[in-house]
Amino acid sequence: MLIKSRAIPIITATILALAACSNKEANHSPTTPAKITTTNEDVAATVNGMTITKNEVDLILKQQRGMPDTPETRKMIIDNIAMRLLVAHEAAKKGLDKKPETINEIEMAKQSVLAQAYVQDFIKNNEVTEAQLAAEYDKLKAQASGDQYKARHILVKTEDEAKAIIAKLSKDVKSFDSLAKAQSLDPGSKVKGGDLGWFDGQSMVPEFSAATAKLGKGKFTEAPVKTQFGYHVIILDDKRPNTKSLPPMDQVKAGLTQQLQQQNLKKMLDDVKANAKIDIVAPQPAPAKAPTILPEPTAPGASATEEPAKK
C-alpha cells in the first residue's frame, strides 16, 4: 500500500487505442463503391470496385506484432478486409449507418485514431536527449546509494488515533505488535505486527521515507506521520547500507528512454486536461411514482364487485 510503483502506466493503452478497422466505408452510399485515388502499385485488391490498399494491409501487420509478413498472411488479411467491406456495404444498404448509435461509434473510432496520431506526433517531435538520459541515470544512481531500513508501522485513519497509539507506546513499546494487529489499516503488514521488512527510502512515499530516516534503532515516531494513505506510527528495527548496484547505462538506456517518453507524454496530457473545462452532468433522479391504492381484499372465490353476504 505504501510502496510506490516504479512502472510508468502505458497511457496510450487505455485512452488512445488505435482502431483496428477503418470506418470510411460506413459513409459511402450503399449503391456506390468506395472511390480512392490510387496507383496500381498501391492496390492490394478490389472488392466490387472498392479498393484495398497495400497501406491498409501494412497497417494491420504492424498492429499485429509477431505476425509473419508472408504472402499467406497478407492474403488472410486481405480476405478479412474484403469481408469487412462487404458486410459494411450490406449494413449501409439497410441504413444502419444512419442509426444514432452507429454514428456515435464511428465518431468515437475517429477520435481514437486522431488521438493516437497526436501521441505519435508528440513522441516523434519530442525525442529524449542524451542529457535527459544522463540526468535520469544519475538520479537512479543516487537512489541506489544510501541506506536500507527494516521497520514496522501502524496505519490509522485519523491523527487522534495515531496520537493515542503513540501515548500507549510511550508506556510500553513492546505493545507495538499487538497494537498493529488490532488497529492497523494496512492489510499487508498488520498480520505481521506492522512489519514491512527491508526497504530503501525510494521505494516508499516521501513522507514515510523521510520520517524513517530520522529514527534511531528501536525508536518510534513521536508525532503522527501523514501520507496520502492516512496517519502512520513508525518504529525502526534496523538499518544497513544499500547494497544494490545499478547496471551500466547501455543496459538500461532503452528502458530509461521509454520511461522518460511516458513521463513527457503524461505531462503533456495532464496539461491538456488542466487547460480544459470538463463539466460532468449529474444524472437526474427518476420521478417518484404515485402510490398505488389497492382494493380491499375479498374472500377467496368471491367477486371483487360483489357485496359481502349479510347475516
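The values are calculated or read from the model by the stated rules, or taken from the named source; none is laboratory data. Every value quoted in this text rests on a predicted model; they were computed, and no experiment measured them. Methodologically, a virtual Cβ is constructed for each residue, glycine included, from the backbone with ideal geometry; neighbour enumeration extends over all protein chains shown.
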Which one of these does F176 not meet: (1) over 20 Å from K226 (Cα atoms); (2) hydrophobic (A, V, I, L, M, F, W, C); (3) outside the structural domain of Q263 (by TED's automatic domain parsing)?
(1)
Residue list for region 114-130, restricted to those being farther than 14 Å from Q258 by Cβ and crowded, with 16+ Cβ neighbours inside 10 Å:
A115, Q116
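Conditions tested, residue by residue: (1) modelled with pLDDT under 95; (2) of a type in the set (A, V, I, L, M, F, W, C); (3) under 25 Å from the mean Cα position of the chain (by Cα).
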position: Q63; (1), (2), (3): yes, no, yes
position: V87; (1), (2), (3): no, yes, no
position: E107; (1), (2), (3): no, no, yes
position: Q116; (1), (2), (3): yes, no, yes
position: Q120; (1), (2), (3): yes, no, yes
position: E136; (1), (2), (3): yes, no, yes
position: A144; (1), (2), (3): yes, yes, no
Pick from region 193-213, criterion within 13 Å of K150 (Cα to Cα) and charged (D, E, K, R), ranking: modelled with the highest pLDDT
D195
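This table checks each residue for (1) out of contact with any Lys or Arg (no Cβ under 9 Å at 6 or more places or on another chain); (2) of a type in the set (S, T, N, Q); (3) at pLDDT below 80; (4) surrounded by 15 or more Cβ atoms within 10 Å (Cβ to Cβ).
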position: D238; (1), (2), (3), (4): no, no, no, no
position: Q251; (1), (2), (3), (4): yes, yes, no, no
position: P283; (1), (2), (3), (4): yes, no, no, no
position: S303; (1), (2), (3), (4): yes, yes, yes, no
position: K311; (1), (2), (3), (4): yes, no, yes, no
Among the candidates K217, K239, K226, residue that is more than 30 Å from E130 (Cβ to Cβ) and either part of a helix (DSSP H, G or I) or without any contact (Cβ under 8 Å) to a residue 24 or more places away in the chain (or both):
K217
Which residue pairs have Cβ atoms under 8 Å apart, sit 6 or more places apart or on different chains, and have a first residue in region 58-72 that is over 16 Å from A45 (Cα atoms) and outside the structural domain of A45 (by TED's automatic domain parsing) and a second that is hydroxyl-bearing (S, T, Y) and at pLDDT 90 or above?
none
Residue check, K219 modelled with pLDDT of 95 or more and farther than 21 Å from K157 by Cβ:
yes
Hey, among the residues in region 191-214 that are within 17 Å of F229 (Cβ to Cβ) and of a type in the set (S, T, N, Q), which one's surrounded by the fewest Cβ atoms within 10 Å (Cβ to Cβ)?
S203
Looking at A44, A19, which is the one that is modelled with pLDDT of 90 or more and not in a helix (DSSP H, G or I)?
A44
Of all the residues that make up region 81-103, how many are under 24 Å from A117 (Cα atoms) and free of Cβ contacts under 8 Å to residues at least 12 places away in the same chain?
1
Which listed residue is surrounded by fewer than 18 Cβ atoms within 10 Å (Cβ to Cβ), of a type in the set (D, E, K, R), in contact (Cβ under 8 Å) with a residue 24 or more places away in the chain and in a helix (DSSP H, G or I), from K181, K141, K168:
K141
Working only within region 112-138, note down all residues that are assigned to a loop (DSSP other than H, G, I, E, B) and acidic (D, E).
E127
